[in-house]
Amino acid sequence: MKIPDEILEVLTDGRTIISGDRIQIPFQLDDALYRRVNTMLKDVGGRWDGRKAVRAHVFPFPVEEFMRACLAAGEWPSRYEQGWYPTPPPVVFDILEHASVRVGHTVLEPSAGTGAIAEKAAAELGIVDCVEIDARRAHVLRGLGFARQVIEGDFLGLDPLAIDEPYDRILMNPPFEKAIEHVTHALGFMKDGGTLVAVLPESVTWRADRATERFRTMVAEAEGEFVRLPDLAFAASGTSVTTVLLVLDGEPGGPLHTHGWHQRQPTQLDLFEAV
């Protein structure tokens with residue numbers, strides 16, 4: 001949800017203190033503006049603590065990194081919306097631990113948001129590309145300057161065979177309502193021998209619908225791993241959903257539909273000429 005300009009002005013004011021688990025606004029707001037600021041901060045998990053020693057909105061999580069991403073993008077993940085939940089720093093750390101990004105590795109972050117994962121991969125000297133559907137967040141990514149390229153658009157609409165070089169690492173926190181579709185599509189951008197690490201809702205490990213069962217079968221055949229994340233790992237981003245990390249290695253000639261697998265499939269023209 002877009003942060004209104006007058007609220008953004010308050011939260012980016014040099015006098016506003018955003019630290020630890022609280023946001024303190026030590027200057028007077030008119031009643032109407034205060035109510036609007038209060039509504040937004042409550043929507044992302046804050047509560048007003050009026051005790052003299054506190055007098056701040058207090059959150060059940062460290063709020064500084066989360067608010068930095070929100071203010072940079074000019075929006076916040078309302079509890080009434082689904083979609084963008086910035087990846088908290090401890091989860092980013094776990095992703096990179098499993099990904100083992102090395103110097104010169106090419107890295108793709110689909111649905112990159114404001115680059116919480118991609119920025120850390122670039123700090124490991126990976127060569128990072130980002131895809132982001134939201135124009136404001138894509139603008140933030142370009143401004144940060146760590147990405148080789150930022151593609152603004154719907155990741156699911158990109159053709160994996162349109163790229164010249166597939167990626168060594170795919171690191172992703174996809175929209176949870178389409179998580180399986182995003183991961184399956186992302187495999188087409190990964191080179192044989194590459195690794196994909198994705199944050200997923202824990203429900204992918206037990207849901208009994210056909211698509212989820214097929215997905216688990218694919219993971220099992222590829223000897224992939226679901227790694228449970230701590231409870232409330234995403235509380236700092238405004239959601240209590242339980243999450244796991246999926247780690248998949250694309251062994252050459254293996255069962256995953258990597259970029260190489262797609263290239264090895266016969267085209268319609270090949271089939272026509274074979275007749």
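The values are calculated or read from the model by the stated rules, or taken from the named source; none is laboratory data. Keep in mind that what you see is a predicted model, and the values were worked out from it rather than measured. Positions of Cβ are generated from backbone atoms using ideal geometry, with glycine treated the same way; all protein chains shown enter the neighbour counts. Side chains are part of the model used for accessible areas, which takes the heavy atoms of the whole protein and leaves out ligands, DNA and RNA. Shrake-Rupley method; radii C 1.70, N 1.55, O 1.52, S 1.80 Å.
Give me the percent of the accessible area of the stretch 172-222 that comes from carbon and sulfur atoms, probe 1.4 Å, all protein chains in place.
Roughly 50 percent of what the probe reaches on the stretch 172-222 is carbon or sulfur.
Of L11, L144, which has the most accessible area and how do the rest follow, probe 1.4 Å?
L144, L11
Whose amide H sits under 5 Å from the amide H of H105, counting only residues 5 or more places off or on another chain, with H placed in the peptide plane?
Those lying under 5 Å, H to H, from H105 are I127.
Given the options L171, F61, L108, identify the residue whose Cα lies farthest towards the positive end of the charge dipole of the chain (+1 on Cβ of Lys, Arg; -1 on Cβ of Asp, Glu).
So the residue we want is F61.
Per residue, how much accessible surface does the stretch 38-146 expose to a 1.4 Å probe? Answer in Å², no decimals.
46
Could you work out the relative contact order of the stretch 186-268? I mean the mean sequence separation of Cα pairs under 8 Å and 6+ apart, divided by the number of residues, in percent.
45
Would you tell me the accessible area of D13, worked out with a 1.4 angstrom probe on the heavy atoms of the protein chains, in Å² to the nearest 10?
Roll a 1.4 Å probe over it and D13 shows about 40 Å².
Taking the Cβ of A135 as the center, what net charge do the other residues with Cβ under 14 Å away carry, scoring Lys and Arg +1 and Asp and Glu -1?
-1
Count charges around E109 for me, please; just the other residues with Cβ under 11 Å from its Cβ, Lys/Arg as +1, Asp/Glu as -1.
Every neighbour counted, the sum reads -1.
Give the relative contact order (percent, whole number) for the chain; include only Cα pairs under 8 Å separated by 6+ residues.
15
At 10 °C and a viscosity of 1.306 mPa s, what translational diffusion coefficient does Stokes-Einstein give for the stretch 150-268, taking Rh as the Kirkwood radius over Cα pairs? Give it in µm²/s as a whole number.
106
Can you tell me the equivalent ellipsoid semi-axes for the stretch 30-173? Use √(5λ) from the Cα gyration tensor, largest first, whole Å.
Calculated on Cα positions only, the semi-axes equal 34, 17, 12 Å.
Hey, any idea what the orientation-averaged projected area of the convex hull of the stretch 185-247's Cα atoms comes to, in nm²?
With every direction weighted equally, the projected area is 5.0 nm².
When all protein chains stay in place, what accessible area (Å², nearest 10, 1.4 Å probe) is found for S240?
Ignoring ligands and nucleic acids, S240 comes out at about 80 Å².
Sum up the charges of everything whose Cβ sits under 10 Å from the Cβ of G193, counting Lys and Arg as +1 and Asp and Glu as -1, but leave G193 out.
The answer is -3.
Can you list the lysines whose alpha carbon sits under 26 Å from that of K2, skipping same-chain ones fewer than 8 residues off?
Cα-Cα hits under 26 Å: K42, K120, K178.
Under a Cβ-only charge scheme (Lys and Arg +1, Asp and Glu -1), can you give me the dipole magnitude of the stretch 64-139 about the Cα centre, in debye to the nearest 20?
For this selection, approximately 60 debye.
Rounded to the nearest 20 Debye, what is the dipole magnitude of the chain about its Cα centre when Lys and Arg each give +1 and Asp and Glu each give -1 at the C-beta?
Computed about the Cα centre, the dipole is about 1080 debye.
Normalised by the number of residues in the stretch 18-98, what is the relative contact order in percent for Cα pairs under 8 Å and 6+ residues apart?
After rounding, I find 32 percent.
Taking θ = phi - 60°, what integer Hz values does the Karplus form 6.51 cos²θ - 1.76 cosθ + 1.60 yield along the stretch 98-110, in sequence order, with x for Gly and Pro?
Coupling constants for the stretch 98-110: 7, 7, 6, 5, 10, 4, x, 4, 8, 10, 10, 10, x Hz.
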